[in-house]
Structures are given as structure tokens and as C-alpha cells.
Amino acid sequence: MLMHTTPLYLATVFIWGSTFFAIKLQLGEVASEVSIFYRFALAAIILMLWCWLRKLPMVFSLRQHLWMMAQGLTLFGLNYMVVYWATAELTSGLIAVIFSTIVLMNIANSALFFGKRPTPSVLAGAFLGLIGIGLVFLPEIANLKAEDATIKGILLSLLATFIASLGNMVSTRNQMSELPVVQTNAFGMLYGAIALAVIAWSQDLPFNYEATWSYTSSLIYLALFGSVLAFGSFLTLLGRIGADRAAYCMVLFPIVALGISTLFEGYTWTPVAAVGVGLVFTGNVLMLMSRHHLQRFRRFFHCSDHLPESSR
């Protein structure tokens, strides 16, 4: 499993770590809802063509389509609409750090929906992660005002993260019901795109297009890499190793995003922010390692207690 899992982790981390900056390039003449509609409509077309070329089965029951629709709305629609709104208020790197709290939300939702109770180590990791997020945002928190746009950006980012976590739970349920990832993503992205088109139409938003290199290239990148490849990798991980461990990707990609933000958006690292990111990383790793690795440690020390003196 390790050889198959490692490329999936790396692809998800590096692609999603860069998409927050690509989203920034989408802001401008085209409304956010319309841009996301373009993104997932293009991604759905790509996946549908792939399914057709590979001759994958595409006939599903009404109940299965409803669950695909639920996945599409939460993972490929509403959450991204809110992320785009947040991107107008915060740097892409900081939004990525907030989005890493999906690890905490996935553990809580896994306990709620699937009965996976967190261990004391998980709770300790969550505590470290929250402290780390607070340290990263310490300058903003110290200067917050009721009308400050930063508050809006933080709340929108947390809302988008929660919606995405619910989408992870829906995907977990779908894979437990043996719905194939590729076809589910294809239909889910189609449903998500339709929902965004309806929302844009209901708000009388124009379906215009910004004919610039930055907008077009970022749209193609977000559709092909950020949607088709990254979601395929991540949701495969989610079904294979569980929502809590798969969410480890969300711990790593903020580091990539902050690096990109440093180069292109002028994000300035401080010692406190660096410590904060380190705590987020350490806390989430502690949560995700606890169930498997601590059991191995316990077995190791249990076995070592029974070793003869000459072998110690």
C-alpha cells in the first residue's frame, strides 16, 4: 500500500498547495460563482470523456445519483464558492492554513457519522493544531476590529472547510457503498457545476469570460490538476485509509501554499508564524499517527519487557 499511497499523497499536497494561488488569479472580471462553474464544467467534461474512452460503466440508480449529487454540492460546488469569497479577503497561504483544520473536522465528523471515537492523543493533537492556527493569525487577531475584512475571511474559510468535511463524509459513505471514484467524481462535478450555474443565474450574474493568459491558464490548471487529478488522488486515499489519515494531506499543503504566497504575494514569515505552522503540523501528525503507530509502540515496549537480559 505504501508505494501506491505515497504518489497519491505527493500529488494531492503539491497540486492543492498551489491551487490557492491559482484561485487568486481567477478573481477579477468574472464572478466567483461563474468561474467555479467553468472550472467544474470543464473538469466534468474531461472525466466524462475519460470514462467514455475507458468504457467505464455509467449507469446508476436514482438513489446513487442523489448521493453523487450530495458529493458534488459539498465538494465541487458550495465549498469552493465560499473559498473564492474568502480569497478576496485573505492571502491564499493563510486560507490554506485555515483549511488544514479539516483534519479536526474530519475526525469529529467521523465520530458523529461512523462511530470512530477520538483517542486522548487525537484530542491533544487537536489542541496543538488550534494553538498553531492562533499563532499564525496572531498579528491579524491582535488588530481585529468588528468591521475588519479579516474576520469575514476567517469565518468564510472555516465555513468552506466544514462544508468540505461534510463532503468527505459523503465520499466515504459512497465508497463504502462501492460507488467507483472516477464515475462518482464525473457526475458529482457535473451536478456541482449545474448548481453553481443556477446560483449564478438566480443572481443575474453575467456568464462572461476574461480572455487573458492568467485567467485561462489558471482555469485549465484548476480544472485538470486541481479538480480531476487532485480530487481523484485524495478521494482514493480517503476510501483506502480513512478520512482522518487522508486529511494528513491538508496538513502539508499549507506549507506549499505559504511558500508560493511568500514568492508571489509578499507574505512575510515571522518566528511566531513559523512556530504556529510547526504546531499545526505536529498536532495533526499526532492525531493521525496515534491510532496506528502508538499501538505499534505499545507492542514494541510490551515485547521488550519480555526479552532476556542478554538480548537487551
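Each reported figure results from applying straightforward, stated rules to the coordinates on display, with no laboratory input. What you see is a predicted model, and the numbers here were worked out from it, not measured in a lab. As a convention, Cβ positions derive from the backbone with ideal geometry for all residues, glycine included, and neighbour counts pool all protein chains shown.
Can you work out ³J(HN,Hα) from phi for every residue in the range 33-46, in order, using Karplus 6.51 cos²θ - 1.76 cosθ + 1.60 and θ = phi - 60°, giving whole Hz and x for Gly and Pro?
My calculation for the range 33-46 gives 4, 6, 4, 5, 4, 4, 4, 7, 5, 5, 5, 5, 4, 4 Hz in order.
Find the relative contact order for the chain and round it to a whole percent, using C-alpha pairs within less than 8 Å whose residues are 6+ positions apart. Present the calculation step by step, with values, prior to reporting the outcome.
On the way: 429 pairs, mean separation 123.4, N = 312.
Result for the chain is 40 percent.
Taking DSSP loops as anything outside H, G, I, E and B, show the longest stretch in the chain free of GluC sites (Glu not before Pro) there with at most 10 other beta carbons within 10 Å.
Free of exposed loop sites, the longest segment is 1-146.
Can you tell me which of 49-62, 98-111 comes out highest on packing, and rank the rest after it, using the mean Cβ neighbours within 10 Å?
Ranked from most to least packed, the peptides come out as 98-111, 49-62.
Which of the peptides 236-245, 113-122 is most tightly packed, and how do the rest follow, judged by the mean count of other Cβ atoms within 10 Å per residue?
236-245, 113-122
Using each residue's phi in the range 181-193, evaluate 6.51 cos²θ - 1.76 cosθ + 1.60 at θ = phi - 60° and report the 3J(HN,Hα) Karplus result to the nearest Hz, with x for Gly and Pro.
Values per residue, Gly and Pro as x: 4, 5, 5, 4, 5, 4, 5, x, 5, 5, 5, x, 5 Hz.
May I have the convex hull volume per residue, in Å³, for the Cα set of the chain? Could the numbers behind the result be given before it?
Numbers: hull volume 53.0 nm³, N = 312.
Given the Cα convex hull of the chain, per-residue volume reads 170 Å³.
Give, as ranges by residue number, the residues of the range 69-87 whose backbone N falls under 19 Å from the point 7 Å along Cα→Cβ of V198.
69-82
Can you give the Rg to Rh ratio for the range 1-149, taking only C-alpha atoms and Rh from Kirkwood?
Looking at the range 1-149, the ratio lands at 1.01.
If only Cα atoms are counted, what is the Rg of the range 167-292, and what is its Dmax, in Å?
Considering the range 167-292 through its Cα atoms, Rg and Dmax are 18.3, 51 Å.
Taking the Cα-to-Cβ direction at E210 and at A274 and moving 7 Å from each Cα, how far apart do the two end points lie in nm?
Between E210 and A274, the simple spin-label model gives 3.4 nm.
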